[in-house]
Amino acid sequence: MNLKDCYTKFGGDFDEVLGRLRREQTVQKFVYKFLDDKSFLLFEASMRDKNYEEALRAVHTLKGVCQNLSFTRLFKSSSLVTKALKENDWNKAVDMMPQLSKDYYETINAIEELNNSKEE
């Protein structure tokens with residue numbers, strides 16, 4: 001798998017991010033750094049604890065990272081949750097968590113698959 005295939009797999013826009021960051025090596029560096037980003041885990045823990053202010057901060061951070069890296073599908077689902085939390089619609093945010101989680105783990109799994117294919 002190459003980086004473009006990885007983007008296709010998780011619903012990202014490779015051409016857009018390449019236009020922004022200019023070099024495939026730069027894109028790849030930041031894509032791999034995403035594996036260490038704790039925003040989603042903080043979001044999940046905050047939602048579980050009903051700390052909606054912290055959950056909003058975490059999912060908003062996730063949304064920004066996804067926008068910068070053109071992780072389109074994950075950006076869209078994190079944007080919807082961000083909007084719900086900004087509107088204090090906790091139930092709607094909770095209802096959208098499964099889709100956000102699915103999009104997040106599809107992205108993480110594709111990046112890990114890319115990383116593993118480079119090591120072989």
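The values are calculated or read from the model by the stated rules, or taken from the named source; none is laboratory data. Computed from a predicted structure; not experimentally measured. Note that we place each Cβ from the backbone using ideal geometry, even for glycine, and neighbour counts take in every protein chain shown. These area figures cover heavy atoms from the full protein model, side chains too; ligands, DNA and RNA do not enter into them. Shrake-Rupley method; radii C 1.70, N 1.55, O 1.52, S 1.80 Å.
Just a few scattered comments:
- Of the trypsin sites (Lys or Arg not before Pro) found in the range 7-52, those that fall in a DSSP loop while having at most 13 other beta-carbon atoms within 10 Å are 22, 23, 38, 50.
- Per residue, in Å², the accessible surface of the chain once ligands and nucleic acids are set aside, probe 1.4 Å: 57
- Full-extension gain in nm, residue 32 to residue 5, via 0.36 nm per residue minus C-alpha separation: 8.2 nm
- If you take all other residues with their beta carbon under 14 Å from the beta carbon of residue 107, and give Lys and Arg +1 and Asp and Glu -1, the sum is -2.
- Between 0 and 90 degrees, the angle of helix 52-69 with respect to the longest Cα principal axis of the chain falls at about 20 degrees.
- Between helix 90-119 and the chain: long-axis angle, C-alpha atoms, 0 to 90°, nearest 10: 20
- In sequence order, the range 19-34 has phi-based couplings of x, 7, 9, 6, 10, 4, 5, 5, 4, 4, 4, 6, 4, 5, 4, 4 Hz under the Karplus curve 6.51 cos²θ - 1.76 cosθ + 1.60, θ = phi - 60°, and Gly or Pro positions carry x.
- Multiplying the residue separation of residue 112 and residue 52 by 0.36 nm and subtracting their alpha-carbon distance yields 18.6 nm.
- Our coupling estimate for the range 79-85, obtained by passing each phi through the Karplus curve with A = 6.51, B = -1.76, C = 1.60 and θ = phi - 60°, is 5, 5, 5, 4, 4, 4, 5 Hz, Gly and Pro reported as x.
- Estimated translational diffusion coefficient (Stokes-Einstein, Kirkwood radius over Cα pairs, 20 °C, 1.002 mPa s) of the range 3-115: 152 µm² per second.
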